[in-house]
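First the structure, in the form of structure tokens, and then the observations on it.
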Amino acid sequence: MASPRSKYSSHHHLFPLSSFFLLFTSLFLLAGHTTARDSSSVVRDYILLSCGASGVQQDEQDDTLSATAATQDPSVSQVPYMTARISPSSFTYSFPVSPGRKFVRLYFYPANYSAYFAGDSRFAVTANPGNFTLQSNFSASQTAQALKLASIAREFSVNVPSGSLNLTFTPTAGVPNAYAFVNGIEIVSMPDLFGSKLLAIVGTSTTYTVDESTALQTMYRLNVGGNAISPVEDIDLFRSWIDDSFYIFSAATGVTYAQDTNVTIRYTKVPQYAAPNNVYGTARSMGPNPNINLAYNLTWLFSVDPGFLYLVRMHFCEIQYPFTDMNQRVFSIYLNNQTAQQDVDVISSSGGIGIPVYKDYIVIVTGGTDQQDFWVALHPYQATKPMYYDAILNGLEIFKLSSTGGNLAGPNPIPPPEPTPDPTKVVSARGQSSIGKSAVLAGAVGGVAAAIFLV
Ligand SMILES: *[C@@H]1O[C@H](CO)[C@@H](O)[C@H](O)[C@H]1NC(C)=O
Ligand SMILES: *[C@@H]1O[C@H](CO)[C@@H](O)[C@H](O)[C@H]1NC(C)=O
Ligand SMILES: *[C@@H]1O[C@H](CO)[C@@H](O)[C@H](O)[C@H]1NC(C)=O
Ligand SMILES: *[C@@H]1O[C@H](CO)[C@@H](O)[C@H](O)[C@H]1NC(C)=O
Ligand SMILES: *[C@@H]1O[C@H](CO)[C@@H](O)[C@H](O)[C@H]1NC(C)=O
Ligand SMILES: *[C@@H]1O[C@H](CO)[C@@H](O)[C@H](O)[C@H]1NC(C)=O
Ligand SMILES: *[C@@H]1O[C@H](CO)[C@@H](O)[C@H](O)[C@H]1NC(C)=O
């Protein structure tokens, strides 16, 4: 393999993104593999690779094929999805990067490529240093089928102590015709979003610390009560935030609203990169009627892989009058039906209207071999006799944490049985919600590719 320097020597090797980068020259200097220093002198990397595209020299790999998808689903963009790097044996991409934490985003479009059939891809993806297993025995086509999506995007976060970040794609041994492929790779420097704080493990009296040795996979990232936020609207980190309404459970969905016009979001408690303005500037609460609120939980339902710890980050900000004082709106948070915190008072944590805060909790998810339900619920807290019986949430992120040994890989989701349409029967709310939630999950990160690769 050529030395990293020569492999990344010219920006002509990358998919041209000049207009995109012009917008952000203060953050990124364009140089194929982009390394720049921002005002705080932090070295940043921004790498965007459309794998298998012609003329992308840095993408060349021995004993692999660059191929074009036989068909294009209307929902997938030309770049990065229509070309792929493919091999029936293992191949490695080596990216020279600055030290620090990175978002690693992988893009997959399971289609027929040359002699490789869509249904046969089955492979692991590992990241080094760290020996992290990001995917294992991954079937892109089964996953896409289960999520009812044409393409799949996955976001991980790994710390790179120094040198290079290597991504290795290895077909599963012993599976006939198994091959590995990838359509797009994106690597973005990120601040240490996860800190090294002691976090409560919900339902236990112990704590856990997410540190440099932890890799994470983003499972969900929601702008609660607001609209989807595309990667380019989240300038520094190119995260995708999606509308939470797909995950709301049951008919009691509360009310959504935006900040009062005379409220400004002031980042005095959390850094601005914690979440964009639009996340804190919109919210969902339970509604105006205290009796109704006391009778239900404002609930979201997700599905996650069993056998992992999850970091749940809940973003809060009071954005409307009259919520300016302590003990006006106090509520309990339940994560997977266990009390994460009994009496959350946003104003008491933030110090005032318009000031964002977030709260982190660790949740253990056990269970069988298939994906498990994951419940997030809010309920008014009465013991302090607050002025309103209500609850609020502005943003929600759920990250899977690598287990000892560095594993992040979960099972391939099982595609739901083909529904037999019966116009006389109404589809159950639960059934609809489970289709919606998975589809939107992958769609969320999938939007990244469309928005970033094409800007
Ligand atoms: C791939 O090709 C096979 C054989 O021609 C066909 O049966 C299958 O539907 C194709 N799959 C996709 C995803 O296009
Ligand atoms: C990454 O790959 C390069 C080139 O194959 C190799 O020199 C380097 O040691 C690898 N780094 C890690 C951390 O595995
Ligand atoms: C890396 O992880 C794999 C799978 O977890 C394990 O089999 C292997 O021994 C590990 N390699 C090193 C060098 O730690
Ligand atoms: C990979 O997954 C397939 C089907 O999902 C399964 O039949 C096979 O046993 C798995 N292989 C390994 C090594 O886990
Ligand atoms: C801001 O506007 C709201 C109504 O939109 C009003 O109730 C409140 O008194 C105003 N607050 C200030 C400080 O102007
Ligand atoms: C809210 O959720 C908690 C935890 O699952 C549960 O104990 C409680 O009964 C629920 N309350 C209502 C009103 O549904
Ligand atoms: C958690 O709460 C939800 C909603 O109230 C309920 O449907 C589910 O069965 C509960 N799960 C467990 C494990 O108690």
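Structure values in brief
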item: Amide proton proximity set for residue 249, modelled H, under 5 Å, gap of 5+; result: 299, 300, 301
item: Nearest-10 value in Å² for the accessible area of residue 190, using the 1.4 Å probe; result: 20 Å²
item: Candidate residues 121, 66: accessible-area rank, largest first, probe 1.4 Å; result: 66, 121
item: Under-5 Å amide H pairs with residue 410, H placed in peptide plane, nonlocal only; result: 136
item: Residues with amide H under 5 Å from that of residue 160, placed H, sequence gap 5 or more; result: 100, 101, 102
item: Packing-based ranking, highest mean first, of 265-272, 143-150 given that Cβ atoms within 10 Å are counted; result: 143-150, 265-272
item: Backbone HN-Hα couplings from phi across the range 292-305 [Karplus 6.51/-1.76/1.60, Hz, Gly and Pro as x]; result: 5, 4, 5, 8, 9, 10, 6, 10, 10, 10, 10, 10, 9, 7
item: Protein-only accessible surface order, largest first, of 273, 220 at 1.4 Å; result: 273, 220
item: Mean accessible surface per residue for the range 298-419, computed with a 1.4 Å probe while every protein chain stays in place, in Å²; result: 35 Å²
item: Heavy-atom SASA rank of 309, 106 (probe 1.4 Å, accessible area, largest first); result: 309, 106
item: In Å, descending, principal axis extents of the Cα set of the range 216-401; result: 47, 40, 27
item: Table column - 3J(HN,Hα) (Hz), the range 155-165, Karplus curve with 6.51, -1.76, 1.60, x for Gly and Pro; result: 10, 10, 10, 10, 8, 10, x, 5, x, 10, 10
item: Entries in 197/400; 102/400; 359/400; 102/148; 269/359; 197/359 that, when Cα-Cα distance is taken, lie over 19 Å; result: 102/148
item: Carbon and sulfur %, accessible surface of the range 216-401 computed with the full protein complex present, 1.4 Å; result: 49 percent
item: Normalised per residue, the volume of the convex hull around the Cα set of the range 109-255 (Å³); result: 186 Å³
item: The range 216-401, relative contact order [Cα under 8 Å, separation at least 6], %; result: 32 percent
item: In Å², nearest 10: area of residue 321 left accessible to a 1.4 Å probe; result: 110 Å²
item: Solvent-accessible area, 1.4 Å probe, carbon plus sulfur percent, for the range 43-145; result: 46 percent
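The values are calculated or read from the model by the stated rules, or taken from the named source; none is laboratory data. Just so it is clear, the structure is predicted and the values come from calculations on it, not from any experiment. Methodologically, a virtual Cβ is constructed for each residue, glycine included, from the backbone with ideal geometry; neighbour enumeration extends over all protein chains shown. Surface areas here come from the heavy atoms of the whole protein model, side chains and all, with no ligands, DNA or RNA. Shrake-Rupley method; radii C 1.70, N 1.55, O 1.52, S 1.80 Å.
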